[in-house]
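Student: Questions regarding the structure given below will be posed in turn.
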């Protein structure tokens, strides 16, 4: 897997790892609201920390790899765009939340942020 990943351009390696990282992060932050709502908060926190470990095992290498070609601002904006790209399907399909126009407006704001961070 790592050989396949390392053969990709650095920005694609970074994006792939950050997408996977965000899936774990989103479940760690919000999955307990659906799956552990009847449990004490400490149980949810411990389960979330366990999930978050996998998030960090992907996020830290993603940022280290990305920092070879991207500046800190670009990494942060990329992270936020990916976060929304992962969160919206999670919220709608997994958590059963309604799809709102606000998601589109937030995404457009992030597109603007990405434009300003990545323009020449």
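FYI, it's all coordinate maths here, none of it is from the lab. Here the structure is a predicted model, which means the values were calculated and not measured. Cβ sites come from the backbone with ideal geometry, for glycine too, and all protein chains shown count toward neighbours.
Student: Nearest 10 degrees, 0 to 90: what angle lies between the long axis of helix 101-118 and the longest principal axis of the chain (Cα atoms)?
Tutor: Helix 101-118 and the main axis of the chain meet at about 30 degrees.
Student: Hey, what angle do you get for helix 72-89 against the long axis of the chain, alpha-carbon based, 0 to 90 degrees rounded to 10?
Tutor: The answer is roughly 40 degrees.
Student: Cut-off is 10 Å between beta-carbons; in what order do 10, 65 appear when sorted fewest neighbours first? Kindly include the intermediate steps, with their values, before the conclusion.
Tutor: Working: 10 14, 65 20.
Ranking 10, 65 by Cβ neighbours within 10 Å, fewest first, gives 10, 65.
Student: Right, another one. Angle between the Cα long axis of helix 10-26 and the longest principal axis of the chain, 0 to 90 degrees, nearest 10?
Tutor: Once rounded, the angle reads 10 degrees.
Student: Follow-up question, since we're still on this one. Please state the relative contact order of the chain as a whole percent: Cα pairs under 8 Å, 6+ residues apart? Walk me through the numbers before you get to the answer.
Tutor: Working: 92 pairs, mean separation 37.2, N = 120.
Normalised by residue count, the contact order of the chain is 31 percent.
Student: Sticking with this structure for a sec: Per DSSP helix of 4 or more residues, -39500 (n - 2.57); summed, then divided by the residues of the chain. What does that give at 222 nm, rounded to the nearest 500? Kindly include the intermediate steps, with their values, before the conclusion.
Tutor: Details: 6 runs with 88 residues, N = 120.
Using -39500 (n - 2.57) per qualifying helix, the result is -24000 deg cm²/dmol.
Student: Calculated from the structure, percent of Cα pairs over 16 Å apart equals which of [x] 65; [y] 75; [z] 55?
Tutor: Computed from the coordinates, percent of Cα pairs over 16 Å apart corresponds to [x].
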